[in-house]
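Q: Please find one structure pasted underneath; my questions will follow.
The values are calculated or read from the model by the stated rules, or taken from the named source; none is laboratory data. Owing to the predicted nature of the structure, the values given are computational and were not obtained by experimental measurement. When we count neighbours, we look across all protein chains shown, and the Cβ atoms used for this are built from the backbone with ideal geometry, even at glycine. Side chains are part of the model used for accessible areas, which takes the heavy atoms of the whole protein and leaves out ligands, DNA and RNA. Shrake-Rupley method; radii C 1.70, N 1.55, O 1.52, S 1.80 Å.
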Amino acid sequence: MASIQIGIDIMGGDFAPKATTEGAILAQKELNNNVDLVLIGDEKAILSILKEKGVDSALFRIVNAPEVIEMGDHPTKAFAKKPNSSISVGFHLLKEGKIDGFASAGNTGAMFVGGYMSVKPIPGVLRPCISSVLPKEDGGVNVILDVGANADCKPDVLYQFGILGSLFAEHVCGISNPKVSLLNIGEEETKGNMLTTATHEMMKDSSHFNFNGNIESRDIFGDHADVIVCDGFTGNVVLKEAEAFYTLIKKRKIEDEYFNRFNYENYGGTPILGLNKSVVIGHGISNDIAIKNMIVLTADVVEADLSSKIKNTFNNE
């Protein structure tokens, strides 16, 4: 069986290249032998860190990309101005089929622009989006999308989020026949604003996913749903509030097994759903543990062949 090639933006993130290289070292130890890691970034810096950690550089493929797209750079302009940046080089390798998946904790806007410009959205997908996972009290997870890429949405876009989220939940999270719910201010189908009422009307007879009606925000950590659909503005508010609760609990020195699962390090990143190739973005503040989990998630998404499954679903509509 041919090996899977996962490209990692070593220069992306607040603590790059140290945290990203050390995260790659951890991932290499955890992943199966059929996964090869491609470190994309300043070769001298990468080799120096590997030497410092006593790790054989032959365990990785290193692609030199000395330029960096900074967090404050304009995403579109940066690609033209910095063709040798780690993100630009990573997307070139992905487009050419020299890597199977690409992960970065760098400039999120640049990752979206790179996805659109190089590997492009799957035909039929109106708006590629990003999801997150929220821990359920029973031990499982809820997938919520969108969480920031699309602040303004129309009903047909939210309907497609239901398809994308259901496929991600089934094939990557391992949830059989996932229940899809629409985030709203009440469970009744007539509740909500013009967007949610129109979306509910489209979703209620869906043959593309297992629609389970509306869900209120107080139930998002329960078992009513497996996939929670909302616009990116709402989803981002929910996600940031969940992160704030974790921060408060840690600040108050409360140790709780369930709330410890809110730690972003556990999840590492999230794929951009709806692109032709596997692209995963991580949190800018990622440490080595979070980077390791971002890389492992990328391998899981590639192994699940999620992009092809999404493509097949939209081709058969």
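Q: Looking at (1) over 14 Å from the mean Cα position of the chain (by Cα); (2) open to solvent by less than 20 Å² (accessible area, probe 1.4 Å); (3) closer than 18 Å to residue 168 by Cβ, which is the one condition that is false for residue 212?
A: Evaluating residue 212 over (1) over 14 Å from the mean Cα position of the chain (by Cα); (2) open to solvent by less than 20 Å² (accessible area, probe 1.4 Å); (3) closer than 18 Å to residue 168 by Cβ leaves (2) as the failure.
Q: Considering only the stretch 220-230, I want to know if a residue exists there that is surrounded by fewer than 19 Cβ atoms within 10 Å (Cβ to Cβ) and either small (Gly, Ala, Ser) or out of contact with any strand residue (DSSP E or B) (no Cβ under 8 Å at 6 or more places or on another chain) (or both).
A: yes
Q: Moving on to the next point. Considering each residue of the stretch 129-142, count those that are under 11 Å from the mean Cα position of the chain (by Cα) and of a type outside the set (Gly, Ala, Ser), and give that number.
A: 3
Q: Of (1) of a type in the set (A, V, I, L, M); (2) touching an Asp or Glu at 6+ places or on another chain (Cβ under 9 Å); (3) closer than 30 Å to residue 107 by Cβ; (4) part of a helix (DSSP H, G or I), residue 310 satisfies all except one. Which?
A: (2)
Q: Ok, one more. Between 302, 279, which is within 21 Å of residue 105 (Cα to Cα), part of a helix (DSSP H, G or I) and of a type in the set (A, V, I, L, M)?
A: 302
Q: Counting only residues that are buried (at least 24 other Cβ atoms within 10 Å of the Cβ) and in contact with a Pro (Cβ under 7 Å, 6 or more places away or on another chain), which one in the stretch 169-204 is farthest from residue 315 (Cα to Cα)?
A: Among them, the one singled out is 199.
Q: Out of the residues in the stretch 1-27 that are open to solvent by 60 Å² or more (accessible area, probe 1.4 Å) and more than 20 Å from residue 284 (Cβ to Cβ), state the one that is nearest to the chain's Cα centre (by Cα).
A: Top of the filtered list is 2.
Q: Are any of the residues in the stretch 281-290 open to solvent by 30 Å² or more (accessible area, probe 1.4 Å), under 16 Å from residue 144 (Cα atoms), touching a helix residue (DSSP H, G or I) at 6+ places or on another chain (Cβ under 8 Å) and touching a residue at least 60 places away in the same chain (Cβ under 8 Å)?
A: no
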